[in-house]
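The values are calculated or read from the model by the stated rules, or taken from the named source; none is laboratory data. The model shown is predicted, which means the values in this text are computed figures rather than measured ones. We place every Cβ from the backbone using ideal geometry, glycine too, and count neighbours over all the protein chains shown.
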């Protein structure tokens, strides 16, 4: 049975911005702890969200200060964001089939909107569940629950498409079906173009 709604993680699914984020977080280390954050520190934590970055990297700043730093520095690198060419065709197919769509990302709203508009996918996401709209980011269920409330659907009638253990954990906690992109889930896809047909 096809879902009433499909929620999409952003980074790693619709776009890829790991290298951009590394540059930004590396700079945040210099600013807020006096030394750069290394690749070895960064990549295991990618996607965890701002609130988790502060204790993970030992940063001497508030959540708000770090968000502001990220927004200021990330926008300088938008041209380095890779956009998945399979995203727009899939989103259009789902929209035409009457499936409701939402973004569910641990990124804060100002950055998520800049990235999604840069990727020319903004028209598909009237509902954008972002880290600054809920108490806890993924793997907590808050983002998925918020998105489903906005869409007027039950999480049990939604699928979450993601590429990380954070996404999978959030889907399971919310009671949504998890579609893993290159990661095991209720359904596993190697690429977005393989998303099931109705």
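Numerical summary
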| item | result |
| --- | --- |
| Yes/no for residue 37 being assigned to a helix (DSSP H, G or I) and buried (at least 16 other Cβ atoms within 10 Å of the Cβ) | no |
| In the range 181-198, residue nearest to the chain's Cα centre (by Cα) [restricted to those that are surrounded by 13 or more Cβ atoms within 10 Å (Cβ to Cβ) and farther than 17 Å from residue 14 by Cα] | 185 |
| Verdict on residue 6 being in contact with a strand residue (DSSP E or B) (Cβ under 9 Å, 6 or more places away or on another chain) and modelled with pLDDT of 95 or more | yes |
| Close pairs from the range 169-182: first free of Cβ contacts under 8 Å to residues at least 40 places away in the same chain, partner assigned to a helix (DSSP H, G or I) and surrounded by 24 or more Cβ atoms within 10 Å (Cβ to Cβ), Cβ under 6 Å, at least 6 apart | 174/144; 178/171 |
| Residue 99 vs. criteria touching a residue at least 24 places away in the same chain (Cβ under 8 Å) and under 30 Å from residue 155 (Cα atoms) | yes |
| Candidate set: the range 119-135, residues that are touching a residue at least 60 places away in the same chain (Cβ under 8 Å) and out of contact with any strand residue (DSSP E or B) (no Cβ under 8 Å at 6 or more places or on another chain); chosen: the one surrounded by the fewest Cβ atoms within 10 Å (Cβ to Cβ) | 132 |
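A quick yes/no check of all residues on (1) over 13 Å from the mean Cα position of the chain (by Cα); (2) surrounded by fewer than 19 Cβ atoms within 10 Å (Cβ to Cβ); (3) more than 21 Å from residue 171 (Cβ to Cβ); (4) not assigned by TED's automatic domain parsing to the domain that holds residue 146:
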position: 62; (1), (2), (3), (4): yes, yes, yes, yes
position: 65; (1), (2), (3), (4): yes, yes, yes, yes
position: 69; (1), (2), (3), (4): yes, no, yes, yes
position: 74; (1), (2), (3), (4): yes, no, yes, yes
position: 103; (1), (2), (3), (4): no, no, no, no
position: 115; (1), (2), (3), (4): no, no, yes, no
